[in-house]
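To keep things clear, I will list the structure first and then write my remarks on it.
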Amino acid sequence: MNSLSQQTSVPLVSSVTTFGYKLGVFGVVLVLLWIGIFKFTPTEAAAIEPLIKNHPLMGWAYNFLSVQMVSNLVGFSEIVVAIGLIYGFFNPRVGYFSGLASSIIFIVTLSFLFTTPDTWKIVDGVPTTSFFLVKDILFLAIAIMVVEHNKKLLGCKS
């Protein structure tokens, strides 16, 4: 009886998507779309230049592309991943890979905290940083939830 209830409850739990999960994914999608679109502006291209230029895995891009083109590519990737996260509600495989891609985006963004000079400052004795980067800890957690959720739907083993 116990194994029967486990067999029947696992698919039901896996196929049910909670409101909190959907809201979290919506928040990630909204931010990726909004910031992704903003990357196509000269203001945002200039704002992210020091972040990308000082990153050991990304700084080389400015040797071949303009500041605006690098920003456009970043924005385009954010928009594509956001669309993939939306489509992932209907296709677990797309959701899984979009979750992985968004995880990479947020890991890279968080790495800027360590690769960009003068990111950390002491204000009134308290270490502070660019808090717009710190928000990506939460977005990374949601992206990982998307991967885990869709992995279960695909029937992959942990």
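Considering the range 35-57 alone, what residues qualify as being more than 17 Å from the chain's Cα centre (by Cα), assigned to a loop (DSSP other than H, G, I, E, B) and surrounded by 13 or more Cβ atoms within 10 Å (Cβ to Cβ)? Answer for the range 35-57, where residues must be more than 17 Å from the chain's Cα centre (by Cα), assigned to a loop (DSSP other than H, G, I, E, B) and surrounded by 13 or more Cβ atoms within 10 Å (Cβ to Cβ): 40, 41, 54, 55. Just wondering, is there one or more residues in the range 79-89 that are touching a residue at least 40 places away in the same chain (Cβ under 8 Å), over 30 Å from residue 156 (Cβ atoms), touching a Lys or Arg at 6+ places or on another chain (Cβ under 9 Å) and not β-branched (Val, Ile, Thr)? No: the range 79-89 contains no residue that is touching a residue at least 40 places away in the same chain (Cβ under 8 Å), over 30 Å from residue 156 (Cβ atoms), touching a Lys or Arg at 6+ places or on another chain (Cβ under 9 Å) and not β-branched (Val, Ile, Thr).
Within the range 113-132, can one find any residue that is touching a Pro at 6+ places or on another chain (Cβ under 7 Å) and either open to solvent by 30 Å² or more (accessible area, probe 1.4 Å) or acidic (Asp, Glu) (or both)?
Step one: list which residues in the range 113-132 are touching a Pro at 6+ places or on another chain (Cβ under 7 Å), which gives 115-116, 120.
Now narrow it down to the ones that are either open to solvent by 30 Å² or more (accessible area, probe 1.4 Å) or acidic (Asp, Glu) (or both): 115, 120.
Within the range 113-132 (the criterion being touching a Pro at 6+ places or on another chain (Cβ under 7 Å) and either open to solvent by 30 Å² or more (accessible area, probe 1.4 Å) or acidic (Asp, Glu) (or both)), the answer is yes, since at least one residue qualifies.
All conditions in (1) open to solvent by 50 Å² or more (accessible area, probe 1.4 Å); (2) at pLDDT 95 or above hold for residue 75, with the sole exception of (1).
The values are calculated or read from the model by the stated rules, or taken from the named source; none is laboratory data. As the structure is a computational prediction, the values presented were derived from the model and not from experiment. Positions of Cβ are generated from backbone atoms using ideal geometry, with glycine treated the same way; all protein chains shown enter the neighbour counts. The protein model used for the area step is the full one, side chains on, heavy atoms only, and it has no ligands, DNA or RNA in it. Shrake-Rupley method; radii C 1.70, N 1.55, O 1.52, S 1.80 Å.
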